[in-house]
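Q: If you scroll down you'll find the structure; I have some questions about it.
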Amino acid sequence: MVSQVLSTILTVLAGIAAALVVYWALNKLAEALPGRWENRIKPYFYVAPAVAAIGVYLVYPTVITIINSFKSSDGSRFVGLDNFGKLLGTPAFRQTLLNTLLWIVVVPAACIVVGLLVATLADRLTPRAEKAAKTVVFMPMAISAVGSATVWRFMYAAQPAGQPQTGLLNGIVTAFGHDPIPWLQQSTLHANSLLLMVMLLWGQTGFSMVLLSAAIKGVPAETLEAARLDGAGELRIFWRIIIPQIRGTVITVFVTILITVMKIFDVIYVMTNGAFNTNVVGLEFFNQLYTNYNYGYASAIVVMLLIAIVPIMIYQIRHFRAEESA
């Protein structure tokens, strides 16, 4: 453990030192240019390392992945759209898409609702109580997804009847005289997937709450007081005044969590590994690549995910520009 920590620290320090050396060298090179060329070229020199990193670590792998999606499982020959057709023609993969769609529909909306609720209620507390409440709600954000999933596995753990229960929920169930319930095996109506979503909701509510709380505090107090003087109730003020004024933040939070959900992997991998009808697209990609060694299918899954995410990112960028120009 100590060696890993030291290795991480040394890697970070080495990366910082390398970046400093690169920018120092580029700056010296720009200063060596004659006359006006220094001022013209220097901005491009500062941007060049970042552009190069994006090209090497993002653009190039994306292009290679798209090419591999049209190749066979071992990448030896082109097969056209066969990978896409075979994946979409498989009932198991269609079920995986349905599970992913369920996550997309439920989790972002639930995070917005719970985040708004917590932010609104915390805003009515005393300053000290508000800080304490927000700290507790935000705390899960400091835990890695794998760590959170491990904790929640113990929440849902089930031992055979008659044995001591290590899971909190089954400890409560058996305390009332009932048999333990294998929670993560309850695939009826996707109950186990919903239980997995509860874990992600627990982890993402803090993020939603912080941004929405800041937006709510930005609503002019004079507007709220004027509405109260006109006889508007708190619910009407919330829906007619607060929500329209924080709409931009709500959209930003929703899109951010939506993108997180579309590529969710670690939670399902740790808690069920896709068993009991809980598989999602991110985990299916991992299994195709590292379990089945089918590079064609894995690349095709990534391309489908990319096609789904790019329009959302474009919408978010346009939304940011509209907010800035408003």
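The values are calculated or read from the model by the stated rules, or taken from the named source; none is laboratory data. As the structure is a prediction and not an experimental result, all values here were calculated from the model. Don't worry about glycine lacking a Cβ; one is built from the backbone with ideal geometry, like all the others, and counts go over all protein chains shown. Just the protein is used for accessible areas: all its heavy atoms, side chains included, with ligands, DNA and RNA removed. Shrake-Rupley method; radii C 1.70, N 1.55, O 1.52, S 1.80 Å.
Q: Take the Cα atoms of the range 184-326, build their convex hull, and give its volume per residue in Å³.
A: 137 Å³
Q: Another question about this same structure. If I take R0 = 35 Å and measure r between the Cβ atoms of Tyr60 and Leu10 in this structure, what FRET efficiency does the formula 1/(1 + (r/R0)^6) give, to the nearest 0.05?
A: 0.80
Q: Where in the range 238-278 does the amide nitrogen come within less than 19 Å of the point 7 Å from the Cα of Val198, taken along Cα to Cβ?
A: Under cut-off, by backbone N: 267-278.
Q: Separate question: Rounded to the nearest 20 Debye, what is the dipole magnitude of the range 148-255 about its Cα centre when Lys and Arg each give +1 and Asp and Glu each give -1 at the C-beta? Let's see the in-between values first.
A: Numbers: 6 positive and 5 negative charges, 34 e Å.
For this selection, approximately 160 debye.
Q: May I ask you to list, by number, the DSSP H helices of the chain whose Cα span along the axis is at least 30 Å and whose average Kyte-Doolittle hydropathy reaches -0.5 or more? Intermediate values should be presented prior to the final figure.
A: Details: long enough: 2-31 (43 Å, 1.45); 91-122 (46 Å, 1.78); 191-217 (37 Å, 1.40); 295-325 (44 Å, 0.99).
In the chain, the long hydrophobic H runs are 2-31, 91-122, 191-217, 295-325.
Q: In whole Å, what are the extents of the range 96-216 along the principal axes defined by its C-alpha atoms, from largest to smallest?
A: 49, 37, 24
Q: Once R0 is set to 25 Å, what does the formula 1/(1 + (r/R0)^6) return for the Cβ-Cβ distance between Ile312 and Asp123, expressed as a FRET efficiency to the nearest 0.05?
A: The computed FRET efficiency comes out at 0.25.
Q: While we're looking at this one, here's another question. Would you work out what percent of the accessible area of the range 196-324, with all protein chains in place, is carbon or sulfur (probe 1.4 Å)? Intermediate values should be presented prior to the final figure.
A: Values: 4130 of 6550 Å².
Carbon-and-sulfur percentage of accessible area, whole number: 63.
Q: Hey, another quick one. So who's got an amide H within less than 5 Å of the one on Lys71, skipping anything under 5 residues away but keeping other chains? H placed 1.01 Å off N, in plane.
A: Under 5 Å from the amide H of Lys71 lie the amide H atoms of Val79, each far enough along the sequence or on another chain.
Q: Between rounded, prolate and oblate, where does the range 265-314 land on the alpha carbon gyration tensor, with a ≥ b ≥ c its root eigenvalues, rounded for a/c under 1.5, else prolate if a/b exceeds b/c?
A: oblate
Q: Between rounded, prolate and oblate, where does the chain land on the alpha carbon gyration tensor, with a ≥ b ≥ c its root eigenvalues, rounded for a/c under 1.5, else prolate if a/b exceeds b/c?
A: oblate
Q: So, one more: Simple spin-label model, 7 Å along Cα-to-Cβ: Asn39 to Ser73 in nm?
A: Between Asn39 and Ser73, the simple spin-label model gives 6.3 nm.
Q: Keeping all protein chains in place, calculate the accessible area per residue for the range 71-144 (probe 1.4 angstrom), answer in Å². Could the numbers behind the result be given before it?
A: Numbers: 4390 Å² over 74 residues.
So the range 71-144 comes to 59 Å² accessible per residue, rounded to a whole number.
Q: Stretched out fully, how many nm does the piece from Arg236 to Leu81 gain, at 0.36 nm a residue minus the Cα gap?
A: Contour length minus the Cα-Cα distance gives 50.5 nm.
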